[in-house]
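After the structure tokens below, expect a handful of questions from me.
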Amino acid sequence: MIDIIKMSQKRFLPYILSLFVFLAPLGIFAQATDSLQIIDYGAPQEYEIGGIKVVGANFSDDNAIIAITGLKVGDKVRVPGEKIYRAIKALWKLRLFTDVQIYQEKKIGDVIFLEIFVQERPRLARHSFKNVKKSRHDELNDEVNKFLLKGGIVTDNVKTNASNAIKEYYVGKGFLDVAVSVEELPDDKLVNAVKLVFDVNKGDKVKIQDITFSGISIKAKKLRKKMDNTKPKRKLFSSSRYVKEDYEADKKSIIAYYNTLGFRDALIESDSIWREEDGDLRIHMNVNEGNRYYFRNIVWKGNSIYDEQTLATVLGIEKGDIYNTELLETRLRFSQDGRDVSTLYLDNGYLFFNVDPVETAISGDSIDLELRISEGPQATIDKVVISGNDRTHEHVIRRELRTRPGEKFSRSAIIRSQREVINLGYFNPETMDIQTPVNPQQGTVDIEYVLEEKPSDQLELSAGWAGGGRGVIGTLGVSFNNFSVRNIFKKEAWSPLPQGDGQRLSLRAQTNGRFFQSYNISFTEPWLGGKKPTSFTVAGFYNRFAFGDRAFNNFQKFVIAGATVTLGTRLKWPDDNFISQTALTLQNLSLENWGRGLFITDEGFVVTDGNYYNFNITQTFTRSTVSDPLFPKSGSRFSLAVGLTPPYSLFNDKDYRKLSVGEKFKFLEYHKWRINAEWYTELFDKFVLKADAKIGMIDAYNDDIGISPFERFQLGGDGLANQQFGAYTGVDIISLRGYDENELPANLQNGSVVATPIFNKFTIELRYPLSLNPSSTIYALAFLQGGNSYRTFRDYNPFDIRRSVGMGLRVFLPMFGTLGFDYGIGFDKSPAAGETGFLGQYGRFNIILGFEPE
């Protein structure tokens with residue numbers, strides 16, 4: 001039997017009314033299940049709590065509920081009283097229950113036993129979307145899961161927040177009229193659980209019909225271009241949508257653009273947004289440009305290290321120049337090209353340097369500036385810390401750094417160190433971070449390089465079909481780019497291979513059995529001796545080509561074997577971006593009845609038989625400021641390579657005009673030149689422009705001998721098929737997109753494709769990164785390319801080139817190298833026989849597998 005409290009109406013009527021207002025909705029009164037006994041209390045009485053029981057809590061802990069009420073067994077409580085009210089209020093604040101009541105279960109003398117009844121809110125079992133494409137589900141789940149928790153309490157706030165998140169998602173896509181309703185349904189599998197169904201009516205996408213301006217002297221088109229996110233629907237493939245946050249950012253961009261033109265007071269006084277009858281938006285902005293200002297007098301204050309003339313030269317702003325606060329800030333602090341006053345001081349250790357530009361006078365359209373400098377003391381590097389190098393040994397990284405303890409702080413040294421570490425190819429350039437905690441009291445700074453290792457080894461495993469009855473060609477190659485020779489005999493260092501010392505080991509084998517065999521091995525130690533950046537490379541190769549059958553007198557064979565030793569070092573003059581490499585190469589070329597053209601003398605004699613020896617020394621000078629070898633965004637790379645053989649003809653009195661081809665070229669003599677140049681510039685919105693030029697030529701010491709039939713150049717094709725059969729065959733293979741080898745006139749002689757003494761190739765590429773993840777770097781490109789080959793120096797004309805245009809894709813996978821394709825359309829060639837249509841006649845696919853061809 002459950003008792004209900006009754007008080008004297010006369011004495012306690014006000015108290016009862018107030019108690020009813022607060023407690024009746026909370027369930028302090030209840031009906032008895034059997035009979036109702038009404039106890040009349042003339043006054044509130046005090047009881048001792050003899051026991052507390054919780055009813056209705058299936059998911060919540062009983063002890064936790066009791067603890068939250070503040071009621072404890074043994075406590076004194078007045079009935080009715082404030083403690084009961086506070087207990088119920090505390091449970092309601094949890095928002096976990098739809099009903100809360102406290103019953104008097106029984107009473108023994110002055111001991112009361114309480115029963116807390118709660119009805120829990122339903123729990124979320126799952127949710128789903130209605131009228132939503134499956135492709136959108138993952139993105140919407142990311143949005144609503146910020147508010148929905150499986151097994152969590154479902155409240156009106158939870159449903160509202162989730163619905164609003166869906167609306168914001170669609171508004172961000174341009175669907176401003178989106179409507180979302182949520183239906184709460186009982187779950188048929190779980191008790192006291194519900195499923196939420198979000199019904200989405202996205203409506204039509206609302207586009208911006210036009211953006212207009214008033215009060216402007218600048219063309220509206222230029223202002224619209226500064227709005228990166230809010231654009232009118234003017235172009236076929238351009239995105240047009242209105243997002244409030246993006247629109248506000250675009251308005252700031254417009255003002256920033258005005259500031260670069262000298263309009264320092266420009267502002268958007270008002271703007272209007274309205275809907276047209278067709279539902280599209282129109283935006284109008286009323287601009288107050290103000291006056292255009294110019295720099296007048298610029299005064300330096302506080303400078304003692306550098307004089308005013310030096311600082312003014314770095315600043316590069318003259319009296320009468322348009323007042324451009326963005327340019328001023330760039331020239332004062334952290335210009336991308338290092339031309340700023342801040343870099344001047346930071347490179348000399350003045351880490352605490354600061355400069356504050358103050359407008360001291362405005363007269364008419366002119367502004368006077370005072371540049372107040374606080375030079376501060378020089379900072380010394382205390383500690384240089386490297387972290388994140390899980391595989392690469394620390395000394396491999398540290399030897400590349402230009403920042404060392406005890407030296408003065410230098411911003412340029414940090415940037416150069418970052419570039420050198422990235423160029424190792426072992427770390428993710430996107431996540432590399434450099435921390436510089438400062439200790440002002442001691443005047444020191446620590447430099448911490450935070451790195452993230454990425455895979456650097458490569459595996460080449462492929463099979464391809466070669467025509468002409470040669471069958472399947474299999475290729476197996478591995479490149480270990482962070483190898484460690486000294487740990488080969490240490491069992492604990494094999495994980496799975498000894499690594500971490502920055503050495504490179506490459507092994508490659510390619511064969512289809514009797515027709516073709518190719519074996520290559522190379523090893524590089526980048527720091528010979530470990531103290532100076534002197535690299536040492538040793539490489540060897542053996543290639544054999546054989547066709548036909550001796551029994552039918554049509555057997556042909558070409559074998560070339562060789563070894564190369566290379567020594568390289570970093571130079572200090574003209575600057576330390578220069579690298580010198582000297583390579584010593586010895587090759588033996590053996591031909592037997594080789595009738596496949598390719599090697600031909602100036603007189604037109606085809607080299608078919610004989611043994612030939614090529615002993616040469618190649619000197620290469622390279623200057624590189626490229627920061628990321630996989631996807632360079634800035635910098636340049638120039639190289640000049642000169643290959644020389646001994647001038648054997650100077651040491652004998654042979655009449656080479658009377659010698660046979662085999663005797664004349666038994667010991668090859670030539671001088672060979674290669675010039676390569678690359679430039680990279682980041683344009684806008686991640687687009688990168690690459691410009692490339694390649695020139696090669698080979699000539700003879702002795703006109704009586706003529707140019708060597710070997711070591712020439714073969715331009716055309718994709719460089720891949722040629723590499724399978726032409727690698728290390730005595731010619732340099734250079735691709736030309738849009739053209740096969742037989743589509744360049746100089747490459748054809750007597751119906752055969754031959755190598756030529758001269759070539760040039762020029763390329764412009766526009767690149768856009770799709771993914772810069774080190775596990776899969778992907779970018780798309782569009783290109784313009786032109787090149788040609790020439791038989792003699794008299795024929796050479798750099799403007800006589802074969803042009804092409806096209807697009808392509810590159811995917812770099814650490815274990816497989818570079819993969820991709822190009823599709824080029826060659827304009828300066830005759831249509832291919834048997835091909836129809838423009839693309840079929842002039843277009844060519846180039847395939848890239850494992851490496852980027854020249």
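For segment 610-762, with equal point scatterers placed on the C-alpha atoms only and solvent neglected, what are the log10 I(q)/I(0) values from the Debye formula at q = 0.09, 0.12, 0.14 1/Å, to two decimals?
-0.38, -0.64, -0.82
Would you mind telling me the share, in percent, of accessible area of the chain contributed by carbon and sulfur at probe 1.4 angstrom?
53
Another question, if that's okay. When we measure straight from the Cα of residue 83, which lysines land under 29 angstrom away, once same-chain ones fewer than 8 places off are left out?
6, 10, 53, 72, 93, 106, 107
Cβ under 13 Å from residue 429's Cβ, residue 429 left aside: what net charge do those residues give with Lys, Arg +1 and Asp, Glu -1?
Value of the local net charge: -3.
For residue 208, what residues show an amide H to amide H distance below 5 Å, using hydrogens built from the backbone and excluding near sequence neighbours?
The answer is 233, 241, 281.
Nearest 20 debye, what's the magnitude of the dipole of segment 633-712 about its Cα centre given +1 on Lys and Arg Cβ and -1 on Asp and Glu Cβ?
On the way: 13 positive and 12 negative charges, 48 e Å.
The calculated dipole for segment 633-712 is roughly 220 debye.
Here's another thing I want to ask about it. Explain nothing, just compute: Karplus ³J(HN,Hα) = 6.51 cos²θ - 1.76 cosθ + 1.60, θ = phi - 60°, for every residue of segment 779-787 in order, whole Hz, x for Gly and Pro.
These are the phi-based 3J(HN,Hα) values: 8, 9, 8, 10, 9, 10, 9, x, x Hz.
Considering only the other residues whose Cβ falls under 14 Å of the Cβ of residue 135, what net charge follows from Lys and Arg at +1 and Asp and Glu at -1?
So the environment of residue 135 carries a net charge of +2.
I'd like the distance between the alpha-carbon centres of segment 725-790 and segment 272-309, rounded to an integer number of Å.
After rounding, the separation between the Cα centres reads 48 Å.
Another question, then. Counting Lys and Arg as +1 and Asp and Glu as -1, each charge on the Cβ, what is the dipole of the chain about the Cα centre in debye, to the nearest 20?
Numbers: 106 positive and 106 negative charges, 162 e Å.
Its charge dipole is roughly 780 debye.
Taking 27 Å as the cut-off for C-alpha to C-alpha distance, list the pairs among 383/633; 134/207; 226/761 that go past it.
Checking Cα-Cα distances, 383/633; 226/761 exceed 27 Å.
Normalised by the number of residues in segment 513-570, what is the relative contact order in percent for Cα pairs under 8 Å and 6+ residues apart? Don't jump to the answer; show the numbers that get you there.
Values: 112 pairs, mean separation 19.8, N = 58.
Relative contact order of segment 513-570: 34 percent.
Ok, one more. Working from the pairwise distances between different alpha carbons, so that the mean of 1/r is found and then inverted, what is the chain's Kirkwood radius in Å? Intermediate results must be reported in sequence, preceding the final value.
Values: mean 1/r = 0.0281 Å⁻¹.
So the Kirkwood estimate lands at 35.6 Å.
Which value, in debye to the nearest 20, gives the size of the charge dipole of segment 258-385 about its Cα centre, when Lys and Arg are +1 and Asp and Glu are -1 at the Cβ? Spell out each step's value before the answer.
Numbers: 12 positive and 24 negative charges, 103 e Å.
Once rounded to the nearest 20, the dipole reads 500 debye.
A follow-up question, please. Over the chain, what is the relative contact order in percent, taking alpha-carbon pairs closer than 8 angstrom and at least six residues apart?
That works out to 5 percent.
Additional query: Could you compute the FRET efficiency for residue 671 and residue 511, with r as their C-beta to C-beta distance and R0 at 35 Å, rounded to 0.05?
On the way: r = 35 Å, r/R0 = 0.99.
Between residue 671 and residue 511 the formula returns 0.50.
While we're here: Just read off the accessible area of residue 76 with the full protein assembly in place, 1.4 Å probe, to the nearest 10 Å².
100
Let me ask you something else. With every protein chain kept in place and ligands, DNA and RNA left out, what is the accessible area per residue of the chain? Probe 1.4 Å, answer in Å².
On a per-residue basis, the chain sits at 52 Å².
Something else: Let me have the 222 nm mean residue ellipticity of the chain computed from DSSP H runs of 4+ only, each contributing -39500 (n - 2.57), with the sum over all residues rounded to the nearest 500.
About -5000 deg cm²/dmol.
In terms of Cα to Cα distance under 17 Å, which lysines are near enough to residue 133, apart from those fewer than 8 places away along the same chain?
167, 173, 202, 205
Turning to a different aspect of this structure: With a sphere of radius 13 Å drawn around the Cβ of residue 521, what net charge do the other residues whose Cβ falls strictly inside it have (Lys, Arg +1; Asp, Glu -1)?
+2
Something else: Students often forget the sequence filter, so: which aspartates and glutamates lie under 14 Å Cα-Cα from residue 408 once same-chain residues fewer than 8 apart are removed?
Cross-link targets: 347, 382, 446.
The values are calculated or read from the model by the stated rules, or taken from the named source; none is laboratory data. On a predicted model such as this, the values are computed, not experimentally measured, just so you know. Neighbour counts are summed over all protein chains in view; Cβ atoms, including those assigned to glycine, are modelled from backbone coordinates with ideal geometry. Accessible surface is based on the protein model in full, side chains and every heavy atom, while ligands, DNA and RNA are left aside. Shrake-Rupley method; radii C 1.70, N 1.55, O 1.52, S 1.80 Å.
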